1. What are the residues in segment 75-88 that are under 25 Å from residue 250 (Cβ atoms) and surrounded by fewer than 17 Cβ atoms within 10 Å (Cβ to Cβ), if any?
2. Exactly one of (1) surrounded by fewer than 22 Cβ atoms within 10 Å (Cβ to Cβ); (2) in contact with a strand residue (DSSP E or B) (Cβ under 7 Å, 6 or more places away or on another chain); (3) within 26 Å of residue 283 (Cβ to Cβ) is unmet by residue 226. Its number?
3. Exactly one condition in (1) surrounded by fewer than 17 Cβ atoms within 10 Å (Cβ to Cβ); (2) without any contact (Cβ under 8 Å) to a residue 40 or more places away in the chain is false for residue 52; which is it?
4. Do you know which residues across segment 82-101 are farther than 14 Å from residue 49 by Cα, in contact (Cβ under 8 Å) with a residue 24 or more places away in the chain and within 18 Å of the chain's Cα centre (by Cα)?
5. Yes or no: residue 114 assigned by TED's automatic domain parsing to the domain that holds residue 162 and without any contact (Cβ under 8 Å) to a residue 24 or more places away in the chain?
6. For residue 246, state whether it is touching a strand residue (DSSP E or B) at 6+ places or on another chain (Cβ under 7 Å), part of a helix (DSSP H, G or I), in contact (Cβ under 8 Å) with a residue 40 or more places away in the chain and buried (at least 24 other Cβ atoms within 10 Å of the Cβ).
7. What number of residues within segment 184-223 satisfy the criterion of being more than 14 Å from residue 70 (Cα to Cα) and touching a strand residue (DSSP E or B) at 6+ places or on another chain (Cβ under 7 Å)?
8. Only residues that are in contact with a helix residue (DSSP H, G or I) (Cβ under 7 Å, 6 or more places away or on another chain), over 24 Å from residue 303 (Cβ atoms) and in a loop (DSSP other than H, G, I, E, B): list them for segment 112-167, please.
């Protein structure tokens, strides 16, 4: 579906008509987000739940793996009354329909068992082979946010929604595209501008400016002190972290360093290494690069200028984490064609 085709919403209407017609009357529905869900994943899930509730009336549950750790996301869930439950608290056998948003089976970033059937996938990341056997698939990697796709579904089906869902969708597009500054197309801008007048500005302010514990700033200190710059590439290691969201947040933050065009961040969380990749270079595909870097070690994915990954079963001792950092750094520099390059600390001790 191209950006030029979107104003009439014809394809969105045809797709939703088909999957809603198939879904109707089949029983309880489960919507799965990716682990440690971000605003885009949560917004897409809540919009899909609203669509299903209005159009078919089926009981629908939104579930996630991991945790919601980032301050903005916790405030968003609280203030906007986002109803989500841990995936491991559910009896999966009681759901007759399974949907997955902002993720795909087998990507390594969701906790839904790979052997279980998924009926519907809606995502804005490049399609994986695991989607080939799924009945309903809408994957548009040119889109900046999955929330934009769900906004189009609601419009195509002429489903009205309130201020809270509008705020959820708007904040998702805002955060995912960095206020239309990263990986956006015309459809994202259209959704952004149409949702803006419907937003609860007071809640939006609270989401953007959350209170955070003092430990939050310790992560910033660790990232800055451990960051090393190789030409225009910055690598940082947080070592042990209490929430994997911090890696992505600090990758965004350190991409602001002058003359840095690429950032790779990592942190150890529950026996796995969480990775975040960011770039300002339009000639690079972040998802493809990170997949090359973690090949044989873990999983990764993304698109355009942002990507994330995981390396499982990693010892948490500092020497092991340091060696893994060196391996990933060497691989990244080789993929970028700039190895060997001497590394310089971001700040002098």
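The values are calculated or read from the model by the stated rules, or taken from the named source; none is laboratory data. Computed from a predicted structure; not experimentally measured. Ideal geometry is used to build each Cβ from the backbone, glycine not excepted, and the neighbour counts take in all protein chains shown.
1. Correct list: 78 only.
2. It fails just one condition, (3).
3. Answer for residue 52: the failing condition is (1).
4. Passing the criteria: only 87.
5. Values: assigned by TED's automatic domain parsing to the domain that holds residue 162: yes; without any contact (Cβ under 8 Å) to a residue 24 or more places away in the chain: yes.
Considered against the rule, which asks whether it is assigned by TED's automatic domain parsing to the domain that holds residue 162 and without any contact (Cβ under 8 Å) to a residue 24 or more places away in the chain, residue 114 comes out as yes.
6. On the way: touching a strand residue (DSSP E or B) at 6+ places or on another chain (Cβ under 7 Å): yes; part of a helix (DSSP H, G or I): yes; in contact (Cβ under 8 Å) with a residue 40 or more places away in the chain: yes; buried (at least 24 other Cβ atoms within 10 Å of the Cβ): yes.
Here the answer is yes, as residue 246 does meet what is asked.
7. Step one: of segment 184-223, the residues more than 14 Å from residue 70 (Cα to Cα) are 184-205, 218, 221-223.
Now restrict to residues that are touching a strand residue (DSSP E or B) at 6+ places or on another chain (Cβ under 7 Å): 222-223.
Residues that pass the stated criteria total 2.
8. Correct list: 116, 157, 159, 161.
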